[in-house]
Every structure is written in structure tokens, then in C-alpha cells.
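Peer 1: Sharing a structure, written as C-alpha cells. Questions coming.
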Amino acid sequence: MNRRKKIYEGKAKILYEGPEPGTLIQYFKDDATAFNAQKKAVLEGKGVLNNRISEFVMTRLNSIGVQNHFIKRLNLREQLIREVEIIPLEVVCRNIAAGSMSERFGLPEGQALPRSIIEFYFKDDKLGDPLVTEEHITAFNWASTQEIDDMLATTLRVNDYLSGMFGAVGITLVDFKIEYGRLWEGDFARVILADEISPDSCRLWDATTNEKLDKDRFRRDMGGVIESYTEVARRLGIMKDMPRVIEGGVA
Ligand code: TMP
Ligand code: ASP
């Protein structure tokens with residue numbers, strides 16, 4: 001069945017060898033996990049929705065000059081991407097207190113933060129992705145000071161753009177997680193956005209009702225996960241590309 005060499009399998013995606021050197025194919029699975037994979041489910045259609053939503057977001061970011069690994073979508077579940085050397089950090093940007101930020105500092109979920117806050121987590125499932133500081137990042141050589149500065153600047157730009165983009169369709173961008181990778185050009189490495197941007201990696205609330213339209217519906221057993229992801233796609237105007245998802249019969 002798999003016609004290509006598998007390079008890496010994560011919890012929600014698989015990377016295959018691409019058609020040309022320097023490219024990979026990113027395959028979106030229907031698997032959902034939470035709490036470091038202690039909780040697992042298969043949500044039919046999730047991979048298709050995230051593939052399309054991530055394509056849309058990455059394309060829009062590219063159009064404003066935020067370079068990223070996305071090249072083109074190949075089919076319902078796969079996209080062609082540039083191969084990068086993933087920096088082992090999860091970069092989280094928050095506008096409103098929720099999730100671990102609410103727990104750590106005792107802030108009520110939904111309280112606006114005084115300003116956008118960026119956090120770094122070390123990407124290591126065995127350790128449960130611990131929160132780290134720039135001191136850890138430079139001391140352990142996960143990224144250089146310059147790379148940290150680049151990630152901070154780009155993340156704020158992504159936050160500003162996506163807050164406006166989602167805001168325009170009645171969705172509040174509460175927080176999100178992104179990952180970066182190095183694109184090597186000879187001896188020089190440029191840090192670009194990688195991975196995915198989807199309701200799996202963002203908190204998205206309906207701007208009027210604060211209804212959750214993201215993976216917290218799965219984490220918190222609220223149900224209606226696929227319906228919510230579909231609603232995000234619908235508001236972004238991209239559901240027309242995926243008629244079969246609405247009917248629930250995804251190939
Ligand atoms: P947190 O409040 O649980 O730390 O999550 C912050 C944001 O990061 C939220 O939008 C969900 C996203 N996230 C991931 O994409 N992957 C993860 O493993 C975790 C813990 C959070
Ligand atoms: N993706 C993470 C996991 O599987 C956690 C999360 O998104 O909440 O464990």
C-alpha cells in the first residue's frame with residue numbers, strides 16, 4: 001500500500017520521502033491524541049480537514065512573506081513540503097489565558113492576557129514537552145540566539161496575521177503552537193515555519209459565544225470534534241473543496 005519510503009511517523013502525521021531531493025510528503029492521519037498520547041481516538045475526516053486548513057493557512061502566510069515548508073497539496077490527505085531540520089521546540093503564542101497557562105498561573109480561562117506571550121517547550125514526548133527558557137535552549141544548543149530572535153519575531157507576525165484572519169470570520173485565536181525548521185542553503189540555515197497550523201494546534205473560539213472549535217473538544221470529551229473543524233473550514237470558505245467530508249464519507 002505504501003509506495004514511498006516512510007521517513008518519520010508522528011502522532012497525527014506521517015512523513016514520506018518526496019519526489020525530489022529536499023522534499024517530503026506530509027500525510028495527515030485521522031488519529032487524535034492528547035495528554036502525551038495517553039488518550040487516543042480515530043476521528044474520521046480529521047486528517048482531510050487539517051490537510052486543507054493547514055494548506056490554506058500556510059498559503060496565506062506565504063503570501064505575506066512568512067516563509068514556510070508548504071509547497072502544494074497533493075490530494076485529500078497529503079501535501080508536498082520542503083524538507084527541513086526540525087528545531088526541537090514547540091513555540092506557543094497566547095492571547096487569552098487557557099489550558100496550561102490557566103493552570104500554571106491560576107488564571108481564569110478566557111481572561112485576556114496583558115500582551116501576547118510566547119513560550120518555548122522542549123519537544124520530547126518522554127519528558128512530556130517541558131516548558132523551557134532561552135537559557136536552556138542556547139545552553140543545550142537546540143537553537144542559537146539569532147534563531148530564537150527570528151522565531152519570536154515570526155511568531156508575533158503569525159499571531160497578528162492569523163488573529164485578523166480568524167477574527168474576520170468570527171473566530172477568536174486564543175493561542176496556538178507552531179514549529180520551525182532549518183532550511184539549509186550551503187553553510188547557511190534559514191529558519192522557516194514547518195509542521196501544521198490547524199484546529200489540532202490552535203485554540204479557536206467562536207467570537208460571539210466562545211464555543212470551542214478546536215482540539216479541546218477532544219481533550220475534554222465535549223464531542224462534536226469533526227463538526228467544529230468543519231465549521232472552521234466552512235468559515236474560512238474552503239469547505240466547497242471537500243464535499244465528501246460534510247457527508248461523513250471520507251475516502
Ligand atoms: P497548552 O495550553 O496545553 O499548553 O496548549 C497551548 C497551545 O498549544 C494550544 O493551542 C494547543 C497547542 N498544543 C499543541 O499543538 N500540541 C501539544 O502537544 C500541546 C500540549 C498543545
Ligand atoms: N498532541 C499531544 C499528545 O498527543 C497533546 C495535545 O495536543 O494535547 O499527546
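Peer 1: State, in angstrom, two size descriptors of the chain derived from its alpha carbons: Rg to one decimal place and Dmax to the nearest whole number.
Peer 2: Expressed in Å, the Cα Rg and Dmax of the chain come to 17.5, 51.
Peer 1: Next up: How much length would be gained if the chain were fully extended between Lys126 and Glu85, taking 0.36 nm per residue of separation minus their Cα-Cα distance, in nm to one decimal?
Peer 2: Extra length available between Lys126 and Glu85 comes to 12.7 nm.
Peer 1: Take the alpha carbon gyration tensor of region 94-156, find the square roots of its eigenvalues, order them as a ≥ b ≥ c, and report rounded if a/c is under 1.5; if not, report prolate when a/b exceeds b/c, else oblate.
Peer 2: Oblate shape, in that a/c is at least 1.5 and b/c is the bigger or equal ratio.
Peer 1: Here's something else I'd like to know. With a 1.4 Å probe and every protein chain kept in, tell me what percent of the accessible surface of region 194-246 is carbon plus sulfur.
Peer 2: 48 percent
Peer 1: Give me the one-decimal nm value for the distance between modelled label points at Gln146 and Arg220, 7 Å along each residue's Cα-to-Cβ direction.
Peer 2: With each label placed 7 Å out from Cα toward Cβ, I get 4.3 nm.
Peer 1: Could you state how much accessible area Arg82 has, in square angstrom rounded to the nearest 10, with a 1.4 Å probe and all protein chains kept in place?
Peer 2: In the full protein context, Arg82 sits at about 100 Å².
Peer 1: Calculated from DSSP H runs of 4 or more alone, at -39500 (n - 2.57) each and per residue, what is the 222 nm mean residue ellipticity of the chain, nearest 500?
Peer 2: That comes out to -8500 deg cm²/dmol.
Peer 1: Just add up the charged neighbours of Leu152: K/R +1, D/E -1, any other residue whose Cβ is under 12 Å from the Cβ of Leu152.
Peer 2: -4
Peer 1: On to the next question. Under a 1.4 angstrom probe, counting protein chains only, how are Glu9, Glu231, Glu103, Glu44 ranked by accessible area, largest first?
Peer 2: Final ranking, largest accessible area leading: Glu103, Glu44, Glu9, Glu231.
Peer 1: Per residue, how much accessible surface does region 8-69 expose to a 1.4 Å probe? Answer in Å², no decimals.
Peer 2: That works out to 43 Å² for each residue.
Peer 1: Report the local net charge at Thr59: Lys and Arg +1, Asp and Glu -1, summed over other residues whose C-beta lies under 12 Å from its C-beta.
Peer 2: Local net charge: +3.
Peer 1: How big is the Kirkwood radius of region 32-87, worked out from every pair of different alpha carbons and given in Å to one decimal?
Peer 2: 12.9 Å
Peer 1: Which pairs break 23 Å Cα to Cα here: Lys39/Lys240; Lys40/Lys240; Lys40/Lys72; Lys123/Lys177; Lys126/Lys177; Lys5/Lys215?
Peer 2: From Lys39/Lys240; Lys40/Lys240; Lys40/Lys72; Lys123/Lys177; Lys126/Lys177; Lys5/Lys215, over 23 Å: Lys39/Lys240; Lys40/Lys240; Lys40/Lys72; Lys5/Lys215.
Peer 1: Roughly how much of Thr133 is accessible, in Å² to the nearest 10, using a 1.4 Å probe?
Peer 2: Per-residue accessible area (Thr133): approximately 70 Å².
Peer 1: Another question about this same structure. Hey, any idea what % of region 1-128's accessible area is carbon plus sulfur with a 1.4 Å probe?
Peer 2: C and S fraction of accessible area: 51 percent.
Peer 1: Write down the Å³ per residue value for the convex hull defined by the alpha carbon atoms of region 163-234.
Peer 2: So the per-residue hull volume is 101 Å³.
The values are calculated or read from the model by the stated rules, or taken from the named source; none is laboratory data. What you see is a predicted model, and the numbers here were worked out from it, not measured in a lab. Glycine gets a Cβ as well: all are built from the backbone with ideal geometry, and neighbour counts include every protein chain shown. Ligands, DNA and RNA are stripped out before the accessible areas are found, and what is left, the full protein with its side chains, is counted by its heavy atoms. Shrake-Rupley method; radii C 1.70, N 1.55, O 1.52, S 1.80 Å.
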